[in-house]
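The values are calculated or read from the model by the stated rules, or taken from the named source; none is laboratory data. This is a predicted model, so every value here is computed, not measured. Positions of Cβ are generated from backbone atoms using ideal geometry, with glycine treated the same way; all protein chains shown enter the neighbour counts. These area figures cover heavy atoms from the full protein model, side chains too; ligands, DNA and RNA do not enter into them. Shrake-Rupley method; radii C 1.70, N 1.55, O 1.52, S 1.80 Å.
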Amino acid sequence: MIFPISDDDRHLMSPAWITILLLAANVVVFAMQLLDPGLTYGWSVIPKEIVTGVDLTDPVLIKVGQQVGQIPQLPGPVPIYLTIFSAMFMHGGWAHIGGNMLYLWIFGDNVEHRFGSLKFLLFYLISGIVATFAQIATNPDSVIPNLGASGAISGVLGAYMVLFPRNMVNAIFFFRIVSLPAIFVIGMWIFLQLVNGAGSIAPTAETGGGVAYAAHIGGFVAGVAMGFFARMGMKNHEPPSVFRRIYEDEPKVRRYW
């Protein structure tokens, strides 16, 4: 229903280099996946591997409804827990990476300017880790690959909603381009994740035909929590930043919080 395409970046003071590097890293890894499809099965997160600490290397049969399928399992990194990080930069298809990178491009720069580059990178990785374990918790015995930047980017959305609730987001809404407050656009997004996740949580993103709703919710919650900590530390001792400019220049923001 609501498809974001850009946001109000008039307050940005410089390029968000970590966001740009994360975008580039995701594109490079996806290109590697296209060149070597086996990379997906060795370096994505397999919940059962993380829970047991054992790298699965033989094909596994699974049953979905009345159909039986085989999932390849190839050697991964040592230790296998490194897939928690590698899977954050892997994707299951063009639509998967395209949607994720669009959201990272729209919302990542503002959050990076608020946190600072290195803190933003740490924030991004923590959001992804929390998202991964949230998804694993829904089905720890699953042997279906989990991959994608969705969990980490969900954290970015959570922090953005906390830090920039009134920032205007341009979005396609019923075939029209409209400008809506971030709190509405992102709030609608997380509402849909909660509704869909409550009904059916699939163990993977695009490779298995489903969406990792638990990962989205887990990453979002982590982002909201870290966003609140960042906002509370902003009021007294804050270097020049996007959020400080808005806070000082627009009294409505001050009253809102």
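Within segment 139-172, restricting attention to residues that are outside any loop (DSSP other than H, G, I, E, B) and in contact with an Asp or Glu (Cβ under 6 Å, 6 or more places away or on another chain), which residue is least open to solvent (accessible area, probe 1.4 Å)?
V169
Table: residues versus (1) among the small types (G, A, S); (2) crowded, with 20+ Cβ neighbours inside 10 Å; (3) assigned to a helix (DSSP H, G or I).
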| residue | (1), (2), (3) |
| --- | --- |
| T83 | no, yes, yes |
| M88 | no, yes, yes |
| G99 | yes, no, yes |
| I106 | no, yes, yes |
| H113 | no, yes, yes |
| L122 | no, no, yes |
| S127 | yes, yes, yes |
| V130 | no, yes, yes |
| A137 | yes, no, yes |
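Exactly one residue among G53, G42 is over 24 Å from I126 (Cβ atoms) and not aromatic (F, W, Y), and that residue is G42. Selection of segment 27-48 for residues being in contact with a strand residue (DSSP E or B) (Cβ under 9 Å, 6 or more places away or on another chain) and among the aliphatic types (A, V, I, L, M) yields V45, I46.
Is it fair to say T138 is touching a strand residue (DSSP E or B) at 6+ places or on another chain (Cβ under 8 Å) and of a type in the set (S, T, N, Q)? Before you say what the answer is, go through the steps one by one.
On the way: touching a strand residue (DSSP E or B) at 6+ places or on another chain (Cβ under 8 Å): no; of a type in the set (S, T, N, Q): yes.
Considered against the rule, which asks whether it is touching a strand residue (DSSP E or B) at 6+ places or on another chain (Cβ under 8 Å) and of a type in the set (S, T, N, Q), T138 comes out as no.
Just one of the numbered conditions (1) open to solvent by less than 30 Å² (accessible area, probe 1.4 Å); (2) farther than 26 Å from Q70 by Cβ; (3) over 12 Å from the mean Cα position of the chain (by Cα); (4) of a type outside the set (V, I, T) is not true of L118: (1). For the criterion of being outside any loop (DSSP other than H, G, I, E, B), of a type outside the set (K, R), out of contact with any His (no Cβ under 6 Å at 6 or more places or on another chain) and without any contact (Cβ under 8 Å) to a residue 12 or more places away in the chain, A31 passes.
Condition (residue is free of Cβ contacts under 8 Å to residues at least 40 places away in the same chain and of a type in the set (F, W, Y)) applied to segment 80-97: is it met by at least one residue? There is at least one residue in segment 80-97 that is free of Cβ contacts under 8 Å to residues at least 40 places away in the same chain and of a type in the set (F, W, Y).
Only residues that are in contact with a strand residue (DSSP E or B) (Cβ under 7 Å, 6 or more places away or on another chain) and at pLDDT below 85 were counted across segment 2-26, and they come to 2.
Contact map, segment 37-54: first residue acidic (D, E), second residue part of a helix (DSSP H, G or I), Cβ cut-off under 9 Å, separation 6 or more or different chains; pairs are E49/I80; E49/Y81; E49/T83. Would you confirm, using the coordinates I've provided, whether I84 is of a type in the set (A, V, I, L, M) and within 16 Å of I5 (Cα to Cα)? The answer is no for I84. Of the residues making up segment 58-78, those that are assigned to a loop (DSSP other than H, G, I, E, B) and either surrounded by 10 or more Cβ atoms within 10 Å (Cβ to Cβ) or touching a helix residue (DSSP H, G or I) at 6+ places or on another chain (Cβ under 6 Å) (or both) number 7.
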